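The values are calculated or read from the model by the stated rules, or taken from the named source; none is laboratory data. All values reported here derive from a predicted model rather than from experimental measurement. In this analysis, Cβ positions are derived from the backbone assuming ideal geometry, glycine residues included, and neighbour counts consider all displayed protein chains. Note: accessible area is taken over every heavy atom of the protein model, side chains too, but ligands, DNA and RNA are not part of it. Shrake-Rupley method; radii C 1.70, N 1.55, O 1.52, S 1.80 Å.
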Amino acid sequence: MAERILGKTLATVSLSVALASVTVKSSGCCSIPACRNSFLSCGFHLNSNIMSSSNGAKENSHNKARTSPYPGSKVQRSQVPNEKVGWFVEWQDYNPVEYTAVSVLAGPRWADPQISESNFFPKFNEKDGHVERKSQNGLYEIENGRPRNPAGRTGLIGRGLLGRWGPNHAADPIITRWKRDRSGNKITHPVSGKNILQFVAIKRKDCGEWAIPGGMVDPGEKISATLKREFGEEALNSLQKSSAEKRELEEQLHKLFSQEHLVIYKGYVDDPRNTDNAWMETEAVNYHDETDEKTEAKSV
């Protein structure tokens, strides 16, 4: 996974909302308002993409999956109007473009073969060896041997940049702490009066947006291991620290990821890499550092 990580900038962003109201919009290139300062207080929360049913998506929850050109290419999707996103809407003239990136077709270890290959028999909607092909949103339909995106049409078939047919599972660790003054007292928002909650974010160099430092779940890997590994790869590697300092941070992270945690969201993600046959899903987990001991050294 490390070779697929793009360069990023680490920052700490502040939220003036209660912890229970924080939900995740996306893994990968997800949008976070452009907070440029390390400790800028922003009155916003990340909206979750929760599907309304297996046949369609809530309004505004299936937009990035229909954008053109497709990431990393000049491929233009077939246009899908809002009223025809859901599969339950009959559309006989639907003619999506087919595209799978050359990097995926090359057969890296994290990618499936083409459906047409004679020795490939994927077990969709279940655990397929070490590969998890079950969706967080329940059963998905199979049409002509290909899984069908449960959120609806995207204007593109194939896998695009995604390795797996069907769900591609990611994990997003949301590391939080309370914003405090120099004396260690919690700082409250001047308008809401609520304590200001900070979380770690990274600025992606591929799309310039702020994101949660998550990544893909490797075959057979537990979500807890992915969360810790991805945060270490994406966040710690972007810090200008010595080897000794990084070892100390790794010990602190081990303590942080060993404590009680809260699953904030798990399910479908509206991602520009999604296609009709391959899509992103994530499990976002909050690890809160109440004492500020484990995250104090990670600010920039």
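For LEU197, the conditions (1) more than 21 Å from ASP218 (Cα to Cα); (2) at pLDDT below 90; (3) crowded, with 20+ Cβ neighbours inside 10 Å are fulfilled apart from (2).
Taking the conditions (1) among the aliphatic types (A, V, I, L, M); (2) farther than 22 Å from ARG164 by Cα; (3) at pLDDT below 95 in turn, ALA57 satisfies each one other than (2). Anything in region 169-184 that is more than 14 Å from the chain's Cα centre (by Cα) and surrounded by 15 or more Cβ atoms within 10 Å (Cβ to Cβ)? List them, or say none. ILE175, THR176, ARG177, TRP178, LYS179, ARG180, listed by residue number. Looking across region 144-202, the residues that are within 29 Å of ARG229 (Cβ to Cβ), out of contact with any Leu (no Cβ under 9 Å at 6 or more places or on another chain) and part of a loop (DSSP other than H, G, I, E, B) come down to ASN149, ALA151, LEU161, LEU162, GLY163, ARG164, TRP165. If the condition is being without any contact (Cβ under 8 Å) to a residue 60 or more places away in the chain and open to solvent by less than 50 Å² (accessible area, probe 1.4 Å), then region 83-100 contributes VAL89, TYR94.
Within region 264-279, if we keep just the residues that are open to solvent by less than 10 Å² (accessible area, probe 1.4 Å) and aliphatic (A, V, I, L, M), the residue that is modelled with the highest pLDDT turns out to be ALA278. Of everything listed in (1) surrounded by 24 or more Cβ atoms within 10 Å (Cβ to Cβ); (2) on the phi < 0 side of the Ramachandran plot, the single unmet condition for LEU139 is (1).
Restricting attention to region 127-143, the residues that are outside any loop (DSSP other than H, G, I, E, B) and of a type outside the set (A, V, I, L, M, F, W, C) add up to 4. The requirement of being on the phi < 0 side of the Ramachandran plot, buried (at least 20 other Cβ atoms within 10 Å of the Cβ), touching a Gly at 6+ places or on another chain (Cβ under 8 Å) and of a type in the set (Ser, Thr, Tyr) is fulfilled nowhere in region 148-168; no residue meets it. Please verify whether region 250-263 includes one or more residues that are at pLDDT 85 or above, open to solvent by less than 10 Å² (accessible area, probe 1.4 Å), part of a strand (DSSP E or B) and closer than 30 Å to PRO71 by Cα. The answer is no; no qualifying residue exists. With respect to being over 22 Å from GLU281 (Cα atoms), touching an Asp or Glu at 6+ places or on another chain (Cβ under 7 Å) and open to solvent by 40 Å² or more (accessible area, probe 1.4 Å), ILE187 fits the description. On inspection, PHE124 fails the criterion of being in a loop (DSSP other than H, G, I, E, B) and open to solvent by 90 Å² or more (accessible area, probe 1.4 Å).
Among the residues making up region 101-121, those that are open to solvent by 30 Å² or more (accessible area, probe 1.4 Å) and touching a residue at least 12 places away in the same chain (Cβ under 8 Å) are SER103, PRO108, TRP110, GLN114, ILE115.
Only one entry of THR282, THR226 meets the criterion of being open to solvent by less than 20 Å² (accessible area, probe 1.4 Å), out of contact with any Leu (no Cβ under 8 Å at 6 or more places or on another chain), under 30 Å from PHE124 (Cα atoms) and modelled with pLDDT under 80, and that entry is THR226.
Can you find, within region 208-219, the residue that is farthest from GLN136 (Cα to Cα) among those that are open to solvent by less than 50 Å² (accessible area, probe 1.4 Å) and in a loop (DSSP other than H, G, I, E, B)? Here the residue is GLY208.
ARG148 falls short of the stated requirement of being touching a helix residue (DSSP H, G or I) at 6+ places or on another chain (Cβ under 6 Å) and not polar (S, T, N, Q).
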